[in-house]
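Asks: Okay, here's the structure, questions in a sec.
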Amino acid sequence: MNKIIDIFLEITKIPRCSFQAQKMEEYLIAKAKEYGYMVKVDSAKNILASSKEPKICLQAHYDMVCVGDAPKIESVIEGNILKAKNSSLGADNGIAIAMMLQLMQEGVEAEFLFTNDEEVGLIGAGNLELNIKSQYLLNLDSEDEQEVYIGCAGGVDLKLTKELQSSICNGHFYELNISGLPGGHSGVDIDKKIPNAIVELAKYIKEQACKVATFKGGERINSIPVNAKAIVCSDKKLKSNDLVKVKETSSVEVCNFNVEELLVIPNGVLEMNEEFEVVQSSSNLALVNIDTNSANIEISYRSLNNSDLENITKVAKEAYEELGYRVELNDKYPGWSPEINDFTKLVQNAVSKIYGNHKTKVIHAGLECGLLSQKLPNIKMASIGPNIRFPHSIREYVEIDSVERTYEVVKDVIETI
């Protein structure tokens, strides 16, 4: 077990933020060759390390969401918890990378697929050009041990832009600030009642009937916003509350932006799926950048059902076009339809050997299996992983003993095949 954690701690020293993971790519290629595997890399920087006669492919992405001080990561171990000081940890998906490297070091007969830029729209998986020989693929990007994932949500990001006009305001000017909210993954954490900094600040501005000069908020398209700030003009004196900190500032021009436009579409859980007890559809108001010249807003939508996703997107697009926005649809990816087959049963049995039982799940997030299942229709897939909490935030941590148990499951699956 210590070997896997040691490998992971080594990985944390290598910069691998999305779009900036070249050093990690070089590291993985070098390690694969060192362990005697054949290596191929495609134009999307996906890496495939292969033994001579593989029966199964292990898959994980090698980029990470960098929040806080990341890519500078100061790891902290407290008992069974591995976390980082004031940054995302990158256990998503670095722990999987560490397990795969340990398996390679042991000379396991398999394929190892390391995909690139997963966190920014599943780009690597969506542009995969590598030939997978195996009949089975085990994705290691899930975040709850004892659970076997057989389906995932699809998603799409909406980018909204429009020009604004400025004017003079004769009221009092204030700087408003919300900071340090818990944050979290905009998919798996969307039902945890985590406050969205952008939404909360927009509500305050609406309640106080302020005119907006600037409004900026959010960190990543796939994170629940932690911070938001604005400069506003008001006819009355504003006061701080539990969330919003208020201080007076010098006068500036305001714009004709209506803050209610940030509240047009409901944010958070839109619908639940009772069969799998998971969120069916959701929205996350992720990024806002407003000044006296323009408004730029980004929202992510997810759904377990591809037709539901189309409908949600259509409604949102039409609503914002009526408000004068230009709407772009970016980073669209399909869901992964749930299926029970011989491979999922094999993985379920392996989990049950370690835990005594298993849970079959569908995740409200974009696993690469959604795209990979379309590109590799003849390969059967499942997804597992250790307990990782609050990914994409500075609260991210992994439970060390769950890594050990997950690794035993992976080895059992490989040996059984």
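Bear in mind these aren't lab numbers, they're just calculated from the coordinates by the rules spelled out. Only a predicted model underlies this, so the values are computations on that prediction, with no experimental measurement involved. Positions of Cβ are generated from backbone atoms using ideal geometry, with glycine treated the same way; all protein chains shown enter the neighbour counts.
Asks: So what's the back-of-envelope 222 nm ellipticity for the chain, counting only DSSP H runs of four-plus at -39500 (n - 2.57) apiece and dividing by all residues, rounded to 500?
Replies: Mean residue ellipticity, 222 nm, calculated: -8000 deg cm²/dmol.
Asks: Using R₀ = 56 Å, calculate the FRET efficiency as 1/(1 + (r/R₀)^6) where r is the Cβ-Cβ separation of VAL252 and TYR355; round to 0.05.
Replies: Efficiency, from the Cβ-Cβ distance: 0.45.
Asks: What is the Cα centroid distance between region 357-381 and region 160-217, reported in whole angstrom?
Replies: Centre-to-centre (Cα) distance: 36 Å.
Asks: To continue, here is another question. Separation of region 102-131 and region 285-349 by C-alpha centroid, Å?
Replies: About 24 Å separates the Cα centre of region 102-131 from the one of region 285-349.
Asks: Size of the dipole of region 303-363 about the Cα centre, Lys and Arg at +1 and Asp and Glu at -1 on the beta carbon, nothing else charged, in debye to 20?
Replies: 480
Asks: Using 0.36 nm per residue of separation minus the Cα-Cα distance, give me the extension gain between GLU106 and ASP191 in nm, one decimal.
Replies: Taking 0.36 nm per residue and subtracting the Cα distance, the gain is 26.6 nm.
Asks: Tell me, what is the percent relative contact order of region 92-241, built from C-alpha pairs under 8 Å that lie six or more residues apart?
Replies: Rounded, it is 22 percent for region 92-241.
Asks: Hey, could you get me the Stokes-Einstein D for region 156-333, Kirkwood radius over alpha-carbon pairs, 37 °C and 0.692 mPa s, rounded to whole µm² s⁻¹?
Replies: After rounding, the answer is 196 µm²/s.
Asks: Next question. Around GLY151, which amide H atoms from residues at least 5 apart in sequence, or from another chain, sit under 5 Å from its own amide H, with H modelled in the peptide plane?
Replies: Answer set, sorted by chain and number: ILE363.
Asks: I need the peptides 115-126, 160-171, 195-206 ranked by packing, meaning the mean over residues of other C-beta atoms within 10 angstrom, with the highest value on top.
Replies: 115-126, 195-206, 160-171
Asks: Right, next: Work out the length of the dipole vector of the chain about its Cα centre, built from +1 on the beta-carbon of each Lys and Arg and -1 on the beta-carbon of each Asp and Glu, and round it to the nearest 20 debye.
Replies: Result for the chain is approximately 640 debye, rounded to the nearest 20.
Asks: In the structure shown, do any of LYS55/LYS133; LYS83/LYS229; LYS72/LYS216 have a Cα-Cα gap over 19 Å, and if so which?
Replies: Over 19 Å apart, Cα to Cα: LYS83/LYS229; LYS72/LYS216.
Asks: Also: Can you tell me which of 238-248, 136-146 comes out highest on packing, and rank the rest after it, using the mean Cβ neighbours within 10 Å?
Replies: 136-146, 238-248
Asks: How far, in degrees from 0 to 90, does helix 400-416 lean away from the longest principal axis of the Cα atoms of the chain, to the nearest 10?
Replies: With rounding to tens, the tilt is 40 degrees.
Asks: While we're on this one: If you stretched the chain out fully between VAL264 and LYS133, how much longer would it get, using 0.36 nm times the residue separation minus the C-alpha to C-alpha distance?
Replies: The span from VAL264 to LYS133 would gain 42.4 nm if fully extended.
Asks: Working out 0.36 nm times the residue gap between LEU329 and ASN86, then minus their Cα-Cα distance, what length gain in nm do you get to one decimal?
Replies: 84.2 nm
Asks: Out of residues 5 or more away from ASP69 or on other chains, whose amide H comes under 5 Å of its own, with H placed 1.01 Å from N in the peptide plane?
Replies: Under 5 Å from the amide H of ASP69 lie the amide H atoms of SER87, SER88, each far enough along the sequence or on another chain.
Asks: To continue, here is another question. Which FRET efficiency, nearest 0.05, do GLU10 and ASN170 yield, Cβ-Cβ r, R0 51 Å?
Replies: The formula returns an efficiency of 0.30 here.
Asks: Right, next: Within straight cross-link reach of LYS33, meaning Cα distance under 18 Å, which lysines are found once same-chain residues fewer than 8 apart are removed?
Replies: Counting by Cα, and skipping residues close in sequence, LYS33 has these lysines nearby: LYS23, LYS45, LYS52.
Asks: Kindly list the residues of region 357-393 that lie in the label zone of GLU408, defined by a backbone N under 17 Å from the point 7 Å along the Cα-to-C-beta vector.
Replies: Within reach of a label on GLU408: 357-359, 385-387.
Asks: Let me ask something else about it. Could you check the spin-label model distance between GLU322 and LYS55? Points 7 Å from the Cα along Cα→Cβ, value in nm.
Replies: It works out to 5.8 nm between the two label points.
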